Every structure is written in structure tokens, then in C-alpha cells.
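Here is the structure we will look at.
Any read-out appearing in this document is the output of simple, stated calculations on the displayed coordinates, not a laboratory observation. As the structure is a prediction and not an experimental result, all values here were calculated from the model. Positions of Cβ are generated from backbone atoms using ideal geometry, with glycine treated the same way; all protein chains shown enter the neighbour counts.
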Amino acid sequence: MSIKDLNKLVNALEINLENQALENQAISTSSVGWHIEHSLLTIGLIIDSLKKSNPDNYKWQFSLSKIIVFTTNKIPRGKAKAPKVVLPKETITIEKLKDNFANTKAKINQLNSLNTNNYFEHPFFGKLNLKATIKFLGIHTKHHLEIVNDIVKG
């Protein structure tokens with residue numbers, strides 16, 4: 001997973017802006033807009049965390065769940081609950097989503113300037129360095145994109 005791949009996934013989410021109000025309870029209790037907003041919040045907050053981290057404090061950590069998710073490149077549906085900080089809090093509108101897409105894309109571009117040992121502390125996987133964080137963001141975004149696509153298909 002590269003920064004370019006992450007950008008492609010964000011662009012694929014953006015194509016679904018017009019579907020933001022769609023829901024399908026058989027697939028998810030949340031709307032397309034919720035999944036988009038959650039994905040953008042997650043990317044933005046994780047990149048903020050990466051930028052604030054001290055690369056000198058990074059140390060690789062073993063995590064079986066990380067190995068499983070990173071090997072399969074999949075997050076099992078319905079198995080994890082998102083932390084409150086990345087749950088959309090406001091009413092989701094196309095205008096807010098457009099602003100969030102612009103902010104998220106700008107933040108993704110900042111990844112190029114970070115140290116390889118800048119890190120993000122994931123609640124289940126432990127400390128993820130820059131490369132592992134980009135991979136996680138790709139897996140996470142793809143996970144929600146698949147849900148969005150399933151909701152849109154009906």
C-alpha cells in the first residue's frame with residue numbers, strides 16, 4: 001500500500017458523494033455518508049497523530065491481530081467498534097464532506113514529509129510506523145469503501 005493507493009481509495013469514496021444519504025439496514029446500520037465521514041475522520045486524525053509523534057520513541061510491537069489483518073488485507077465486518085473520536089458527530093452534508101475530502105487529501109500529501117519512524121498508536125495493533133500506518137489506512141478505507149459499494153448496490 002502506497003500513498004498513491006490511499007489517494008485512489010479516497011477518490012473512490014468521493015465518487016459516492018451523491019449517495020451519502022443512502023442506507024441499507026441489511027448491510028449496515030449507518031448511511032453511506034457516515035462511512036465516508038468516518039473514513040475521512042480516521043485518516044485525518046491518524047495523520048495528525050503521526051505528525052505529533054516522536055520518531056525516537058517508535059519501537060516495533062508484536063500483535064497477532066495486526067498480523068492477521070495485514071496479511072489478509074481485510075478487516076472482518078462487525079468485529080471491531082470504532083473509537084468515539086472517529087465517530088461522526090454532526091449531521092453529514094455533501095458540503096461538509098467536500099470540505100473534509102479537501103482537508104484529507106492535503107493531509108495525505110503531508111505523509112511524504114514524515115520520518116519513517118513517525119508512528120500512530122492503534123488501540124489493537126500497538127505502534128505502527130509510517131509504512132504500517134499507510135497500509136492500515138488503506139485497509140481501513142477499503143473496508144468502508146466495500147461497505148459503501150454494497151449499500152449503493154442495494
Going by the conditions given, is S49 surrounded by 11 or more Cβ atoms within 10 Å (Cβ to Cβ), of a type in the set (S, T, Y) and in contact with a Gly (Cβ under 8 Å, 6 or more places away or on another chain)?
no
Filter the range 4-26 for residues that are of a type in the set (V, I, T) and surrounded by fewer than 16 Cβ atoms within 10 Å (Cβ to Cβ) and give the result.
I15
Any idea how many residues of the range 61-93 are touching a Gly at 6+ places or on another chain (Cβ under 6 Å) and either of a type in the set (K, R) or surrounded by fewer than 14 Cβ atoms within 10 Å (Cβ to Cβ) (or both)?
1
Go through the range 94-108 and report how many residues are without any contact (Cβ under 8 Å) to a residue 40 or more places away in the chain and not hydrophobic (A, V, I, L, M, F, W, C).
2
For residues that are of a type in the set (D, E, K, R) and more than 17 Å from K79 (Cα to Cα), scanning just the range 108-151, find the one that is farthest from the chain's Cα centre (by Cα).
D150
Among A106, A132, the single one that is under 17 Å from L9 (Cβ atoms), exposed (fewer than 13 other Cβ atoms within 10 Å of the Cβ) and not polar (S, T, N, Q) is A106
D99 versus (1) closer than 24 Å to T29 by Cβ; (2) surrounded by 10 or more Cβ atoms within 10 Å (Cβ to Cβ); (3) among the charged types (D, E, K, R): which is the lone unmet condition?
(1)
Can you work out which of the residues in the range 62-92 that are touching a residue at least 24 places away in the same chain (Cβ under 8 Å) and among the β-branched types (V, I, T) is nearest to N16 (Cα to Cα)?
I92
